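Novice: Supplied in structure tokens, the structure appears directly below.
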Amino acid sequence: MKIFCVANQKGGVGKTTTTVNLAAGLAKVGQRVLVVDLDPQGNATMGSGVDKRALELSVYDVLLESSTIAEARQRNEQVGYDVLGANRELAGAEVELVELERRERRLKAALKAAEAEYDFVLIDCPPSLSMLTLNGLCSAHGVIVPMQCEYFALEGLSDLVNTIKQVHANLNPDLQIIGLLRVMFDPRITLQNQVSEQLKAHFGEKVFDTVIPRNVRLAEAPSYGLPGVVFDPSSKGAQSFVEFAKEMVRRIAAM
Ligand code: ADP
Ligand code: MG
């Protein structure tokens, strides 16, 4: 079982879209996948066809050790992967965890118990470097960083890279950046091509080969409670995420 955080402390950069579509893509190529929603907004939960308002147990209960993953996970058969859901209740965990021991290792311990059941765990992180994100980073083998090729993209990246280095040094020696994923890419925009080239010059192999285009079907899918890969498999966006899933499987095999 390989565990990856989808993280970037900026909001609206495509973390949740990447999480649910990579999960659906991996499921499509035969992988057993669990999505963990670590964002109190619950977008990955809703976007995987699970109603966050109807959750009896969620990732909140798992972090507070009042539930196991096996008890709390949900599945919408149409999407083909399991979800450990989140809702607003999770915002409270931030404060409650501070009081507890092993507070940054709660998720890691819970995932250990589910080890035999999954090939991939994808953790959708909130847009902050909080205790929730720290639980994600402490659990993971690697980080997938979705980013838009815009002017301030590289600047924002240095904070995340420093955090990952610190977690690697102090809490989780397994942790590494698996790769940077260029998302919402529009090849007609000169600046995006320039930033993309800068990224490759600076991060080399760490930049995924697959590029996710800006595609309206990916943006529409969440309102149907589905990942774009399931909602409209023939769309450019869906196809690029299935391509990305295959690239991930290849990269992990070589790891
Ligand atoms: P985050 O989780 O980082 O806040 P989201 O995945 O929710 O970001 O994406 C932010 C917005 O951009 C959403 O409305 C989403 O539907 C849209 N979006 C994400 N990726 C794409 C894409 N490749 N093409 C078009 N719209 C996208
Ligand atoms: Mg999100």
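Any read-out appearing in this document is the output of simple, stated calculations on the displayed coordinates, not a laboratory observation. Here the structure is a predicted model, which means the values were calculated and not measured. Counting neighbours? That spans all protein chains shown, and the Cβs are built from the backbone with ideal geometry, glycine included.
Novice: If you put +1 on each Lys and Arg Cβ and -1 on each Asp and Glu Cβ, how big is the dipole of the chain around its Cα centre, in Debye rounded to 20?
Specialist: With Lys and Arg at +1 and Asp and Glu at -1, about 620 debye.
Novice: A follow-up question, please. Could you work out the longest stretch of the chain that avoids the chymotrypsin sites (Phe, Trp or Tyr not before Pro) located in DSSP loops with at most 15 other Cβ atoms within 10 Å?
Specialist: Here the longest segment lacking exposed loop sites spans 1-150.
Novice: Could you give me the ³J(HN,Hα) list for region 145-162, computed from phi with Karplus coefficients 6.51, -1.76, 1.60 and θ = phi - 60°, whole Hz, x at Gly and Pro?
Specialist: These are the phi-based 3J(HN,Hα) values: 10, x, 8, 8, 7, 10, 4, 8, 4, 5, 4, x, 5, 5, 5, 5, 4, 5 Hz.
Novice: Which of the GluC sites (Glu not before Pro) found in region 1-105 are loop residues per DSSP with 12 or fewer other Cβ atoms within 10 Å of their Cβ?
Specialist: Sparse-neighbourhood loop GluC sites (Glu not before Pro): E56, E65, E77, E99, E101.
Novice: Please turn the phi angles of region 128-137 into ³J(HN,Hα) values with the Karplus equation 6.51 cos²θ - 1.76 cosθ + 1.60 (θ = phi - 60°), one per residue in order, whole Hz, x for glycine and proline.
Specialist: 7, 9, 9, 4, 5, 4, 4, 4, x, 5
Novice: OK, next. When DSSP assigns beta bridges and you keep just the ones with both residues in region 2-254, what percent turn out antiparallel, to the nearest 5?
Specialist: The antiparallel fraction comes to roughly 5 percent.
Novice: Sticking with this structure for a sec: Relative contact order (percent) for region 2-254, with alpha-carbon contacts under 8 angstrom and 6 or more residues of separation?
Specialist: The normalised contact order for region 2-254 reaches 26 percent.
Novice: Select from I178, Q198, L90 the residue farthest towards the positive end of the dipole of region 2-254; place +1 on Cβ of Lys and Arg, -1 on Cβ of Asp and Glu, and compute about the Cα centre.
Specialist: It is Q198.
Novice: Please identify every one of the trypsin sites (Lys or Arg not before Pro) in region 141-218 that sits in a loop by DSSP and has no more than 12 other beta carbons within 10 Å of its own beta carbon.
Specialist: Passing both the DSSP loop test and the Cβ count: R188.
Novice: Length gain on complete extension for the stretch E65 to Q194, per 0.36 nm per residue less the alpha carbon to alpha carbon distance?
Specialist: Roughly 41.7 nm would be gained on extension.
Novice: In whole Hz, what ³J(HN,Hα) sequence does region 93-108 give by Karplus (6.51, -1.76, 1.60; θ = phi - 60°), x for Gly and Pro?
Specialist: 3J(HN,Hα) across region 93-108, in whole Hz: 4, 3, 6, 5, 5, 4, 6, 9, 7, 6, 4, 8, 10, 5, 5, 4.
Novice: Ok, one more. What residues of region 26-48 lie in the reach of a label at A109, counting those whose backbone N is under 17 Å from a point 7 Å from the Cα along Cα→Cβ?
Specialist: It comes to no residues whatsoever.
Novice: Here's something else I'd like to know. Translational diffusion coefficient, Stokes-Einstein: compute it for the chain using the Kirkwood radius over C-alpha pairs as Rh, at 10 °C and 1.306 mPa s, and state it as an integer in µm² s⁻¹.
Specialist: 88
Novice: If each residue's Cβ is checked for other Cβ atoms within 10 Å, how do H168, H202 rank with the fewest at the top?
Specialist: Fewest-to-most Cβ neighbours within 10 Å comes out as H202, H168.
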